[in-house]
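The values are calculated or read from the model by the stated rules, or taken from the named source; none is laboratory data. What you see is a predicted model, and the numbers here were worked out from it, not measured in a lab. Backbone-built Cβ (ideal geometry, glycine too); neighbour counts: all protein chains shown. Quick note on the areas: whole protein, heavy atoms, side chains included, nothing else; ligands and nucleic acids left out. Shrake-Rupley method; radii C 1.70, N 1.55, O 1.52, S 1.80 Å.
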Amino acid sequence: MKLTKLGEKAVKLSVQDRKLVGAKVVKGEDITKYTQGAVCYDAAAFVRFLLGNTITADDVVKVNGQSWESKLALKSGSAWNGTAGIPTGYALGFFRKPDKKFFHAAVSVGGTTIRAVNGGKLGAGWSSPVDLKKVLGAPDSEGWFAYDGTQIKVFMSKV
């Protein structure tokens, strides 16, 4: 992903200091202060890196876009049930049933609220958090949500 000068500095911080920056970003500090032209996957991965996990500084500068899907282990995450609060800082993947593909990523910021970029109703801009319960409503008996003319599931990354 492309980083700003501030993003490059953040990557070089100690683990403890990165977590402090990550906490600010989760609370709403503009992600574009750190990333340039980031797509939803880049933004989610950068926050997960800041908060501390298996994503390395090398990954941050070499991996882009949907290539983050495997690094975030979205397929192995558990499906959100539509009601439970999601722990703050989790990366979320939005999976479309018809084409069996992830189409969006976000970060949980408390309760059922997320932040994301480039995701329309699922997070068009980092500064505008989205409540998934309000946007998606209740899932069907198999855990699928009706969204944008199709069926989707929300997976919570273990990374």
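Can you give the local net charge around F94? Use residues other than it whose beta-carbon is closer than 12 angstrom to its beta-carbon, Lys and Arg +1, Asp and Glu -1.
+3
Using only side-chain charges placed at the Cβ, +1 for Lys and Arg and -1 for Asp and Glu, the dipole size of the chain relative to its Cα centre rounds to 200 debye. Among the listed values [x] 171; [y] 95; [z] 184, the one matching volume of the Cα convex hull per residue in Å³ as calculated from this structure is [y]. Computed from backbone phi with θ = phi - 60° and the Karplus coefficients 6.51, -1.76 and 1.60, the 3J(HN,Hα) list for region 4-11 is 7, 4, 5, x, 4, 5, 4, 4 Hz; x is used for glycine and proline. Among the protein heavy atoms, those of M156 account for about 30 Å² of accessible surface (1.4 Å probe, every chain in place). Maximal additional length on extending the T150-K100 stretch stands at 16.9 nm, based on 0.36 nm per residue less the C-alpha distance. In order along region 131-136, the Karplus-derived 3J(HN,Hα) couplings, from 6.51 cos²θ - 1.76 cosθ + 1.60 at θ = phi - 60°, round to 8, 4, 4, 6, 6, 9 Hz, and Gly and Pro are given as x. Against the main long axis of the alpha-carbon atoms of the chain, helix 15-26 sits at an angle near 50°.
In this label model, E142 and S127 are separated by 4.1 nm, measuring between points 7 Å along each Cα→Cβ vector.
In region 52-81, which residues have a backbone nitrogen under 19 Å from the label point lying 7 Å from Q16's Cα in the Cα-to-Cβ direction? Within reach of a label on Q16, which here means backbone N under 19 Å from a point 7 Å along Cα→Cβ, region 52-81 contributes 52-53. Residues whose amide H comes within less than 5 Å of that of Q151, counting only those at least five positions distant or on another chain, are K97 (H built at 1.01 Å from N in the peptide plane). Counting only protein heavy atoms and using a 1.4 Å probe, the accessible area of S141 comes to about 120 Å².
Taking a sphere under 12 Å around the Cβ of Y34 and counting the other residues whose Cβ falls inside, with K and R at +1 and D and E at -1, yields a net charge of +2. With all protein chains in place and a 1.4 Å probe, the accessible surface of the chain carries 52 percent carbon and sulfur. Reported to the nearest whole Å, the Cα centre-to-centre distance from region 85-100 to region 119-152 is 10.
At a probe radius of 1.4 angstrom, the accessible area of the chain per residue rounds to 48 square angstrom. For the chain, the longest principal axis of the alpha carbon atoms and the long axis of helix 40-51 meet at an angle near 60°. Shape class for region 43-123: oblate, because the ratio a/c of the largest to smallest gyration tensor axis (alpha-carbon atoms, square roots of eigenvalues) is 1.5 or more and b/c is at least a/b.
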